[in-house]
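For reference, the structure is listed below as structure tokens.
The values are calculated or read from the model by the stated rules, or taken from the named source; none is laboratory data. The shown structure was predicted, so the numbers you read here are calculated from the model rather than taken from an experiment. Note: ideal-geometry Cβ built from the backbone for every residue, glycine included; neighbour counts use all protein chains shown. Each accessible area value is taken on the protein alone, full model and side chains, heavy atoms only, with ligands, DNA and RNA left out. Shrake-Rupley method; radii C 1.70, N 1.55, O 1.52, S 1.80 Å.
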Amino acid sequence: MALVLPTLTAFTSSRLTAILTAKTATDFNTAFDALFASNVNVIYNGKQISRDQYRAQLLGQSSAAVEERGASVSVEGQLEVPGDKGQISGLVGLFYTSLSTRSSLSWELLRRAK
């Protein structure tokens, strides 16, 4: 029986979701390091940024961020360009929405309701 690998897009989408829904900084860092190579080339909203800048950007969107209670991720669109090493290489672009809930906002709404 042959091993069937997910598409590069499916793999990237699931790993990005794991990063953004990580509950702790340790889980976030583990998921981030598992997906992004140390020499990754990141284009975020049309601007090239460093790996550390991207890590900080994603951490701010994730459930692991300070005051965050949870996050949900929806991949709206993707683009995959296959590489020259078959299914294990290529380029992926994702358009996604990440919604997060801040505990301070929840606390303020609860306080006003009383």
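Within the option set THR21, THR9, being open to solvent by 40 Å² or more (accessible area, probe 1.4 Å) and either in contact with a strand residue (DSSP E or B) (Cβ under 8 Å, 6 or more places away or on another chain) or β-branched (Val, Ile, Thr) (or both) holds for one residue only, THR21. Contact annotation: residue pairs with Cβ atoms under 9 Å, 6 or more positions apart or on different chains, pairing a residue in the range 73-95 that is outside any strand (DSSP E or B) with a partner that is open to solvent by less than 100 Å² (accessible area, probe 1.4 Å), are ASP84/GLY90.
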